[in-house]
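**Student:** Take a look at this one; I'll ask things after.
The values are calculated or read from the model by the stated rules, or taken from the named source; none is laboratory data. Everything numeric in this text was worked out from a predicted model, so none of it was measured. Note: ideal-geometry Cβ built from the backbone for every residue, glycine included; neighbour counts use all protein chains shown. Remember, those area values only see protein heavy atoms, side chains included, never the ligands or the DNA or RNA. Shrake-Rupley method; radii C 1.70, N 1.55, O 1.52, S 1.80 Å.
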Amino acid sequence: MAWEAVADLDQLEEGDMMVVEMKGEPICVVRLYEDEAVAVHNTCTHQQQPLNEGYLQEDDTLICPAHNSCFDLRTGEPRGVPAVSPIPVYACKIEDDAIWVDPEQQLNDAEIPHKPFH
Ligand code: FES
């Protein structure tokens, strides 16, 4: 386990997102609610665009800004085309007035999405 505090709670308001690099991967941390935050890989599985530039929806999904793929932020599953593969979801918690992520605990079996030239 490798929990790391990525932000103080007052740095990330409800509905806000931020990107942190952990273990060489860009991870998008989203504060969904007062008491819940989630962490997903920041790379869309369609054409590898950054998801933190997308739009958070009221049903806790995130829309990719490039071609509107929609991802469930708790399961990583795509909710509609063009993306057909899930994004990795990582362990994330709110504790001691901070948001914590453990990039070594991936909660689903999604492959790490990389740009084609990687
Ligand atoms: S890159 Fe995200 S929908 Fe195309």
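**Student:** Give the Cα extents of region 4-106 along the principal axes, in whole Å, largest first.
**Tutor:** For region 4-106, the Cα spread along each principal axis is 39, 29, 19 Å.
**Student:** May I ask which residue of His46, Leu12, Leu32 lies farthest towards the positive end of the charge dipole of the chain, with charges of +1 (Lys, Arg) and -1 (Asp, Glu) on Cβ and the Cα centre as origin?
**Tutor:** The residue sitting most towards the positive pole is His46.
**Student:** Region 13-44: which GluC sites (Glu not before Pro) are DSSP loop and have at most 16 other beta-carbon atoms within 10 angstrom? Walk me through the numbers on the way to the answer.
**Tutor:** Details: sites: Glu13, Glu14, Glu21, Glu34, Glu36; in loops: Glu13, Glu14, Glu34.
Hits after loop and neighbour filter: Glu13, Glu14, Glu34.
**Student:** Tally up the carbon and sulfur contribution to the accessible surface of region 1-70 as a whole percent, 1.4 Å probe, everything protein left in place.
**Tutor:** Working: 1410 of 3590 Å².
Answer for region 1-70 is 39 percent, counting heavy atoms of protein chains only.
**Student:** So for region 47-112, considering every pair of alpha-carbon atoms, how many percent are separated by more than 20 Å? The partial results should precede the final answer.
**Tutor:** Working: 646 of 2145 pairs.
Here the long-distance tail beyond 20 Å is 30 percent of all Cα pairs in region 47-112.
**Student:** Given a 1.4 Å probe, how much area per residue of the chain is accessible, in Å²? Display every interim value, and only then the final one.
**Tutor:** Working: 6330 Å² over 118 residues.
For the chain, the per-residue accessible area is 54 Å².
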